[in-house]
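All remarks here apply to the structure that follows.
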Amino acid sequence: MSITETIEFLQGLQPDERIVVCGHVRPDGDCIGSTLALVRSLRLAGLNAYPMLADNKRAPEFYDWLEGFDDFLTPEEVGSWSEVDVFIVVDSPVSKRLSGAQPILERATRSLVIDHHPELEDFGDVRFIDPTTASCTQMVWDLLHQAGFPIDRDVATACYAGLVSDTGRFMFTNTTADTLRAAAEMVEVGVDINDVNVRLFSSKSAEALELEALMLERMMILNNGKVTASWLTQSDFETTGARRDEAENIIDIIRTLKGSEVAILVTFGDSSTRVSLRSKTDFSVAAIAEEFGGGGHQAAAGVNWPDRTDDLSTILDELTPRLPGA
C-alpha cells in the first residue's frame with residue numbers, strides 16, 4: 001500500500017482509542033527506536049499510545065536512556081485489556097516475529113505495519129513497506145513529518161539511535177544520501193550525536209569486554225580469508241556476567257578483519273541457536289539467512305534455530321559453501 005494510505009491511517013487515529021506500538025522479538029536499536037519515537041509523537045498529539053514488547057521479557061537495558069523506555073508493557077499486561085483499538089507493528093516483516101504479542105494483533109480492531117525489510121508476509125490492515133530505506137526509524141521519521149505529527153528532541157533521538165544502529169554508524173551499504181539527510185534533520189531538531197554515539201558504542205561494561213575477548217580468542221578465518229567466524233555459549237554469558245543485549249553488535253568486531261567479506265557469529269543457547277551474519281560488500285547475507293528460515297538486510301541478517309544445538313562444525317559446514325571464497 002502507498003504512503004498516502006499510511007498517512008491517512010495515522011491522521012485518523014482518535015483520542016479515545018487505545019493504540020499499541022510493538023516491534024519484533026529480541027528487539028534491536030532500530031526496533032526500540034521506532035517504537036519509542038512513534039509512541040512519543042502520538043502522545044504529544046494527545047493520543048493514548050503505549051509501547052509494547054513482543055514477549056514477556058524485560059526490554060534491553062542497553063537502551064534504557066531513551067525517553068519512554070520505562071513505559072514498555074508486556075503482552076501479558078496488554079492481554080488483560082478488554083480491547084485494543086489500534087495495533088501498530090514496526091520493524092517486523094512477519095507476524096510470527098511478534099511472538100507473544102501476535103494474539104493481541106489478531107484481536108485489535110485496526111492494524112498498521114511499518115517496515116523496511118523485504119515483504120515476506122501480507123498481514124495487517126494497512127501496510128507500508130520500503131526495503132530501500134536504511135532503517136524503520138527513518139520511515140517513522142518521514143511519516144511523522146508528512147502526517148504533520150509533533151516532533152521533539154526525544155522523537156529525533158530515538159529515530160537517530162535506530163538509524164545509526166541499522167546503518168552500522170553509516171558504514172553499511174544501506175546508507176544513502178536520503179539516510180544522511182534524515183540524520184541531519186534529526187540533529188537540527190536537537191540530537192546530541194556525541195551522547196548517542198558514546199551510549200551506543202563507547203560505554204561497554206567490563207563483563208561485555210570479557211565476552212568480546214572470548215569471541216576473539218575463538219575467531220577462525222575461513223574460505224581463503226573471505227569469512228571470519230566465532231561462537232559464544234550460554235555459559236559464556238553466565239561466566240562473564242554479560243547481558244544478552246550487550247552482545248547485539250559484538251559481531252562487528254570480527255567483521256573488521258582486513259580481507260574478510262562476511263562474518264559469522266554462532267551463539268548457542270540452552271534450547272536454540274542464533275546465527276548472526278554480517279557483510280561489508282554487496283554480498284547479501286539476507287539471502288543466505290532466508291535459506292534457513294531467517295532474514296534481515298543485505299549487510300546484516302540472522303537465523304534463529306529453535307531446539308537446534310548442533311556443534312559448530314555442522315553449522316559452518318552448511319553455511320560456508322554459500323559464502324564468498326568457497
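General remarks:
- Those residues of segment 1-37 whose amide nitrogen sits under 20 Å from the label point placed on Glu76, 7 Å along Cα→Cβ: 21-27
- Note on the chain: antiparallel DSSP beta bridges, both residues inside, total approximately 40 percent of the bridges counted.
- Dipole axis of the chain (+1 Lys, Arg; -1 Asp, Glu on Cβ), positive-most option in Ser202, Phe72, Val187: Ser202
- Between segment 111-133 and segment 249-283, the Cα center-to-center distance that results, in Å: 26
- Student exercise, segment 50-97 dipole from Lys, Arg, Asp, Glu Cβ charges, in Debye to nearest 20: 320
- Relative contact order, whole percent, for segment 206-322 stands at 20, derived from Cα pairs under 8 Å and 6 or more residues apart.
- Pairs over the 21 Å Cα-Cα cut-off, from the set Lys204/Lys258; Lys96/Lys280; Lys258/Lys280; Lys204/Lys226: Lys204/Lys258; Lys96/Lys280; Lys204/Lys226.
- Residues Glu17, Glu121, arranged from fewest to most other Cβ atoms within 10 angstrom of their Cβ, appear as Glu121, Glu17.
- The label-point distance for Arg181 and Lys96, in a model that sets each label 7 Å from Cα toward Cβ, rounds to 3.8 nm.
- Taking every alpha-carbon pair under 8 Å whose residues sit at least 6 apart, segment 3-201 reaches a relative contact order of 24 percent.
- Dipole magnitude for segment 3-201: about 280 debye, using +1 per Lys or Arg Cβ and -1 per Asp or Glu Cβ, origin at the Cα centre.
- The angle separating the long axis of helix 206-217 from the principal Cα axis of greatest extent in the chain is about 40 degrees.
- Gap separating the Cα centres of segment 180-200 and segment 12-34, nearest whole Å: 21
- On Cα atoms only, tilt of 136-147 relative to the major axis of the chain in degrees: 20
- Degrees, to the nearest 10: 29-44 long Cα axis against longest axis of the chain: 10
- Protection proxy ranking, peptides 264-277, 194-207, average beta carbon neighbours within 10 Å, highest first: 264-277, 194-207
- Counted by neighbouring Cβ atoms within 10 Å, the residues Arg58, Arg278 run from fewest to most as Arg58, Arg278.
- Neighbour counting of Cβ atoms within 10 Å sorts the residues Met220, Met139, fewest neighbours leading, into Met220, Met139.
- Linear extension gain, Glu217 paired with Leu44, 0.36 nm per residue minus alpha-carbon span: 57.4 nm
- Cα-projected label distance for Arg58 with Ile3, points at 7 Å along beta-carbon direction, nm: 3.9
Just so you know, all these numbers are worked out from the coordinates, no wet-lab data involved. Bear in mind that the values here come from a model prediction, so they are computed numbers and not experimental data. Virtual Cβ from ideal backbone geometry, glycine too; neighbours counted across all protein chains shown.
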